[in-house]
Amino acid sequence: MLGRAAGLALSLMLCSVSTCLAHALPGSTLILSNEAGQLRLSVSLPLEDLILAAPGLEALEAALTDQNLSAGHLATLAGYFTNHLIIQQSTADLTLTLQYAPIQAAYNDHVGDYDLLVIQLGADLSSPDRVFPLTLVYDAVMHEVRNHRATVIWMEVDAEPRSIAEFGFRPIDGNPQPILLLLR
Amino acid sequence: MPLHISSTVSFLAPPPADDRLGDTSILMGSVEVPDTAGTCGTDRGFPRLVCLIDLLKSGASEELLAVMQMGYSVAEAQNWSNLPAGAFQARPGAYLGEFSTEQLGLVKAILMEAASLTTNEGFDEMEQTLNADDYIATVSTDYKAGYSSSNSKFAFLGMPGETGTWQLYYGGHHFAFSDTYSDGVLTGATPSFRGVEPFPSFDMNGRENVPLLQERDAFATLLNALTEDQRARATLDGRYRDIIAGPQNDDAVPSEQEGLPVPELDAAQQALLLAAIETYVGDINEKDAATYMAKYTAELPDTVLGFSGTIDVNSEDDYVRIHGPSLWLEFSLRSNKSTGEDGNHAHSIWRDINDDYGGNKE
């Protein structure tokens, strides 16, 4: 139920987010939800910018559209995100598991056709009944492509998606600045 | 069960069509300032600006006034964008295509009063950027985007006058001009966005248009004048595919400076840096531009220069920025998106870290 709603809402939400884009390739969109005590996280980002940031992922360009990446590609991708994505609940790092990651064909009137990588991750919450506050440390792509920005969206069943954070590359002493995620 | 994502995600759903959008050129270069503007005298300055505004408003219909004269708020002032009219419909104001010929002449007079009259800068840059939209309309099949010089917007946020706070808002595809006044004094001329495609030049509406060529050339001249050691120290980490402090990114100016401290430039190099700054600051009227240039000159000891890409600033993803205590200036060359022609596509912005939106917060 939530999965289907998430797909529809993702389209709607990204559309509204895109009005803030400036002819640049779209940024990262992180969609969070809670499914039976497990945190679900969908990260979508343009493949072209990801490969600029991490040339070691260039092999992803050969992956077929709309199919899950191979185990080898998933492992490489997981290795990259290990260094660029951390979520903490109650100061403890959640163990994120990369579940699958298809590359999708995407289109933007001001960018044209491009490849969108959509990564699905999950993690057991240490406090399953209460998701927030969470602390997010994220600098995928933006550690190299400095105009890249990220939007974080919270989704619940039967509720409008809520944008809960929007940020760019703002390191402190060379490290990405943690973002406190709260539902207000 | 993992989330399912639709197989094709559109990143830009077409917004509802705005039936106010136009599709014809207003030919700004040919628009004549009406004789009635003579009642405001010929001395450039704030009194003439307000007089011209009063003249325009006195002849405007209630419908036109309803969209052109708005209340002041920073939230409204933040509704500017590099995007074409059809893709960003939140801009406040009246479309240029909604003014009568005489009214458009007064709009032109107002913009000429607020902006500089330097060739290829100030008002001339506005005109050439309008011509760029007319050019794109001849080659683009994206009819929803609203590429047309009709579709830039003009508004007063707050009541223009000798007292109170108000902003002269002019913006459209690749342009944001935002002069904020408080009690008759210019308190902010930023955010000031400039972009253009095609770049560096194109012929349209009976002239050659080079609205941002001077800006690019000024940056390239400066970077070429650096020694190898200076270039190495000015080279920024990472890669820039666009400016970072663009529309709706008012929080993006980093608190930490990165690049080559300007005091390490010799006098000739510092003069080139100031010349590059002036291609932006010099877009506003001469008196106010001099005030800002004096401030930025005084702040040179605490200003840095950074760049990424080529020193000729002629390739995709080339990027230059100047970051001072007050000044934030970025210039980025991006790939072409709207014309499909070879060449590049410039985005740039002048912000004043203290004076954006006149220093107002709400």
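Since every read-out is calculated from the coordinates, none of them should be taken as a lab result. Fair warning: this is a prediction, and the values are worked out from it, not measured in the lab. No Cβ is skipped: glycine too gets one built from the backbone with ideal geometry, and neighbour counts run over all protein chains shown.
The ranking of B:180, B:235 from fewest to most other beta carbons within 10 Å of each one's beta carbon is B:235, B:180.
Peptides B:41-48, B:172-179, B:139-146, B:84-91 ranked from most to least packed by the mean count of surrounding Cβ atoms within 10 Å: B:172-179, B:84-91, B:139-146, B:41-48. Listed from fewest to most Cβ neighbours within 10 Å, the set B:219, A:81 follows the order A:81, B:219. Here segment B:42-141 is assigned +1 on the Cβ of each Lys and Arg and -1 on the Cβ of each Asp and Glu. Its dipole about the Cα centre then comes out at about 160 debye.
On alpha-carbon atoms, Rg over Rh for segment B:191-293 using Kirkwood Rh?
Result: Rg/Rh = 0.98.
Using the Cβ atoms and a cut-off under 12 Å, what net charge is assigned to the surroundings of residue B:70, where Lys and Arg are +1 and Asp and Glu are -1? So the surrounding residues net to +1. Please work out whether segment B:235-287 counts as rounded, prolate or oblate from its C-alpha gyration tensor, where a ≥ b ≥ c are the square roots of the eigenvalues and a/c under 1.5 means rounded, while otherwise a/b larger than b/c means prolate and anything else oblate? Here segment B:235-287 falls in the oblate category. About the centre of its Cα atoms, the protein assembly as shown shows a dipole size close to 1080 debye [charges on the beta carbon of Lys, Arg (+1) and Asp, Glu (-1) only; nearest 20 debye]. When both bridge partners sit in segment A:36-184, DSSP labels roughly 95% of those beta bridges antiparallel.
Each of A:80, B:280, A:138 was scored by other Cβ atoms within 10 Å of its Cβ. Arranged with the fewest first, they read A:80, A:138, B:280.
Mean silhouette area of segment B:166-231, derived from the convex hull of its C-alpha atoms and averaged over all directions, reads 7.0 nm².
When the Cα positions of B:29, B:219, B:169 are compared along the charge dipole of the protein assembly as shown, B:169 comes out farthest toward the positive end, with charges on each C-beta of Lys, Arg, Asp and Glu. Computed over chain B with a Gaussian network model linking Cα atoms closer than 10 Å, the most mobile of B:294, B:37, B:346 is B:294. Quick one: if the Förster radius is 30 Å, what FRET efficiency do residue B:316 and residue A:107 give, using the C-beta to C-beta distance and rounding to 0.05? It comes to 0.90.
Full extension of the chain between residue B:224 and residue B:43 yields a length gain of 61.1 nm, computed as 0.36 nm times the residue separation minus the alpha carbon distance. Computed over segment A:57-184, the alpha-carbon pair-distance distribution with 5 angstrom bins reads 2, 9, 16, 20, 22, 17, 11, 4, 0, each value a whole percent.
When a/c is below 1.5 the answer is rounded, else prolate if a/b is larger than b/c, else oblate, so apply that to chain B with a ≥ b ≥ c taken from the square roots of the Cα gyration tensor eigenvalues.
Taking the square roots of the gyration eigenvalues as a ≥ b ≥ c, chain B is oblate.
The count of lysine pairs in chain B whose Cα atoms are under 15 Å apart, excluding pairs fewer than 8 places apart on the same chain, comes to 4.
Take each residue of peptide A:161-172, count the partner chain Cβ atoms within 10 Å of its Cβ, and average: the result is 2. Go ahead and set up a Gaussian network model of chain B, Cα springs under 10 Å, then flag whichever of B:266, B:250, B:312 fluctuates most. Ranking B:266, B:250, B:312 by mean-square fluctuation puts B:266 first. With bins 10 Å wide beginning at 0, the percent of Cα pairs of the protein assembly as shown falling in each bin runs 4, 18, 27, 25, 17, 8, 2, 0. Each principal axis of segment B:34-115 carries a Cα extent, and these read 38, 24, 22 Å when sorted largest first. If both residues of a DSSP beta bridge must be in the protein assembly as shown, then about 90% of such bridges are antiparallel.
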